[in-house]
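> Got a structure here, written out as structure tokens. Questions coming.
The values are calculated or read from the model by the stated rules, or taken from the named source; none is laboratory data. The shown structure was predicted, so the numbers you read here are calculated from the model rather than taken from an experiment. Neighbour counts are summed over all protein chains in view; Cβ atoms, including those assigned to glycine, are modelled from backbone coordinates with ideal geometry.
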Amino acid sequence: MGTVRAFWLDEQLDRERGAGGQGRYEAEVSRRLGDFADAWGDIAPVTFAVAAWRLVAALDPPYLRWHRRVVSASCVRSPWDGSLTCAVTVVSRWPAELTWSRQWQRDRGWRDWPEVFGQFVTPAERDLTRVPHLRATLQVQAPLPMADLPPAPDGPGDAVPAAARRAVTVLARELDALLAPLIGQLDAGVPAGS
């Protein structure tokens, strides 16, 4: 298996689209400081990191990039203990129980995830009226380490854009370390140990 990247930041695009010495993401953080208001002065970095993640995940064109198998990715503060967790939906192959025999399909023309230019996409409404689709996904929910996250700024006067950039850099790195092996195995299409 080659090296697979699950999550990364597109620094070049961010710099090219930025202005005034700031990257585009930092400029967006400066413009939307109110999105971070709940995090000011928080003793834990989680609420600030979650706000930074929400903003970077919504940026278009994206600064945060992810593998074509990733359908969605969120980072949240755990209601249980305030720690940082993630929820990531990943496109998967059909389970082995459905592939060892095609008998269950009974000539209905079941389709898997459609792909357009190598990207997994939702079937078109027209296609959904013609044939059944079975789109398998894996729902990954996991804790993320908080050790390298920057502290939450005390207020909007602090270096919020730089702290937000650091937070999303750490989150992208941690998500990549967590999910790249799993996605690499899915891409290989070979059971582990074979």
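> Take segment 44-59 and flag every residue that is assigned to a loop (DSSP other than H, G, I, E, B) and either over 14 Å from the mean Cα position of the chain (by Cα) or under 15 Å from residue 158 (Cα atoms) (or both).
Kept after step one, since they are assigned to a loop (DSSP other than H, G, I, E, B), are these residues of segment 44-59: 44-45, 59.
Result: 44, 45.
> Output the qualifying pairs, or none if there are none: Cβ atoms under 6 angstrom, residues six or more apart or on different chains, first residue in segment 138-152 and modelled with pLDDT of 95 or more, second residue of a type in the set (Gly, Ala, Ser) and part of a strand (DSSP E or B).
From segment 138-152, the pairs are 141/87.
> Now a separate question. For residue 85, are the conditions met, namely being surrounded by 17 or more Cβ atoms within 10 Å (Cβ to Cβ), within 14 Å of the chain's Cα centre (by Cα) and of a type in the set (S, T, N, Q)? Talk me through it step by step, then tell me what you get.
Working: surrounded by 17 or more Cβ atoms within 10 Å (Cβ to Cβ): yes; within 14 Å of the chain's Cα centre (by Cα): yes; of a type in the set (S, T, N, Q): yes.
Yes; evaluated as a whole, the condition is true for this residue.
> Something else now. Between a first residue in segment 16-37 that is within 15 Å of residue 157 (Cα to Cα) and a second residue that is polar (S, T, N, Q) and in a helix (DSSP H, G or I), which pairs have beta carbons less than 9 Å apart while being 6 or more apart in sequence or on different chains?
36/47
> Also, quick follow-up: Pairs under 9 Å by beta carbon, first residue among the polar types (S, T, N, Q) in segment 102-121, partner in a helix (DSSP H, G or I), six or more apart or different chains?
Every condition considered, the pairs that remain are 105/98.
> Name every residue in segment 91-127 that is of a type outside the set (Gly, Ala, Ser), outside any strand (DSSP E or B) and touching a Ser or Thr at 6+ places or on another chain (Cβ under 9 Å), in order of residue number. Give the derivation first.
Here is the first cut: in segment 91-127, the residues of a type outside the set (Gly, Ala, Ser) are 91, 93-95, 97-100, 102-108, 110-117, 119-123, 125-127.
When the remaining residues are screened for being outside any strand (DSSP E or B), the result is 93-95, 97-100, 102-108, 110, 112-114, 117, 121-123, 125-127.
Within segment 91-127, 93, 113, 114 qualify.
> Now for a different question. Name every residue in segment 120-148 that is of a type in the set (A, V, I, L, M, F, W, C) and in contact with a Gly (Cβ under 8 Å, 6 or more places away or on another chain), in order of residue number.
Taking segment 120-148 and keeping what is of a type in the set (A, V, I, L, M, F, W, C), we get 120-121, 124, 128, 131, 134, 136, 138, 140, 142, 144, 146-147.
Correct list: 131 only.
> Could you list all residues from segment 87-125 that are in contact with a Pro (Cβ under 8 Å, 6 or more places away or on another chain) and modelled with pLDDT under 90?
108, 109, 110, 111
> Of the residues 58, 73, 87, 96, which single one is free of Cβ contacts under 8 Å to residues at least 24 places away in the same chain and either of a type in the set (Asp, Glu) or closer than 26 Å to residue 25 by Cα (or both)? Show your work before the answer.
Values: 73 fails: free of Cβ contacts under 8 Å to residues at least 24 places away in the same chain; 87 fails: free of Cβ contacts under 8 Å to residues at least 24 places away in the same chain; 96 fails: either of a type in the set (Asp, Glu) or closer than 26 Å to residue 25 by Cα (or both).
Every option except 58 fails the conditions.
> Among the residues of segment 77-90, is there at least one that is in a loop (DSSP other than H, G, I, E, B) and in contact with a strand residue (DSSP E or B) (Cβ under 9 Å, 6 or more places away or on another chain)? Write out each step before concluding.
Quick first cut of segment 77-90, residues in a loop (DSSP other than H, G, I, E, B) only: 78-83.
Narrowing further to those that are in contact with a strand residue (DSSP E or B) (Cβ under 9 Å, 6 or more places away or on another chain): 78, 83.
Yes, segment 77-90 has at least one match.
> Out of 34, 41, which single residue is assigned to a helix (DSSP H, G or I), surrounded by fewer than 16 Cβ atoms within 10 Å (Cβ to Cβ) and out of contact with any helix residue (DSSP H, G or I) (no Cβ under 9 Å at 6 or more places or on another chain)? Even if it seems obvious, please write down each step before you answer.
Details: 41 fails: assigned to a helix (DSSP H, G or I).
Selected residue: 34, the only one of 34, 41 that is assigned to a helix (DSSP H, G or I), surrounded by fewer than 16 Cβ atoms within 10 Å (Cβ to Cβ) and out of contact with any helix residue (DSSP H, G or I) (no Cβ under 9 Å at 6 or more places or on another chain).
> Still on this structure, I have one more. What is the number of the single condition among (1) in contact (Cβ under 8 Å) with a residue 60 or more places away in the chain; (2) under 30 Å from residue 45 (Cβ atoms); (3) charged (D, E, K, R) that residue 166 does not meet?
Checking residue 166 against (1) in contact (Cβ under 8 Å) with a residue 60 or more places away in the chain; (2) under 30 Å from residue 45 (Cβ atoms); (3) charged (D, E, K, R), the one that fails is (1).
> So which residues in segment 149-180 are in a helix (DSSP H, G or I) and among the acidic types (Asp, Glu)? Spell out how you get there, then give the answer.
Going through segment 149-180, the residues in a helix (DSSP H, G or I) turn out to be 160-180.
Once the filter is applied, which keeps residues that are in a helix (DSSP H, G or I) and among the acidic types (Asp, Glu), segment 149-180 yields 174, 176.
> Looking only at segment 52-62, how many residues end up being small (Gly, Ala, Ser) and crowded, with 22+ Cβ neighbours inside 10 Å? Walk me through it before giving the result.
Residues of segment 52-62 that are small (Gly, Ala, Ser), as a first pass: 52, 57-58.
Filter again for crowded, with 22+ Cβ neighbours inside 10 Å, leaving 52.
Looking only at that region, the number is 1.
> Moving on. Here is a check on your reading of the model: is residue 65 under 10 Å from the mean Cα position of the chain (by Cα) and surrounded by 10 or more Cβ atoms within 10 Å (Cβ to Cβ)?
On the way: under 10 Å from the mean Cα position of the chain (by Cα): yes; surrounded by 10 or more Cβ atoms within 10 Å (Cβ to Cβ): yes.
Spelling it out, residue 65 is indeed under 10 Å from the mean Cα position of the chain (by Cα) and surrounded by 10 or more Cβ atoms within 10 Å (Cβ to Cβ).
> Which number in (1) among the charged types (D, E, K, R); (2) over 26 Å from residue 15 (Cα atoms); (3) under 20 Å from the mean Cα position of the chain (by Cα) marks the one condition that residue 166 misses?
Residue 166 satisfies all of (1) among the charged types (D, E, K, R); (2) over 26 Å from residue 15 (Cα atoms); (3) under 20 Å from the mean Cα position of the chain (by Cα) except (2).
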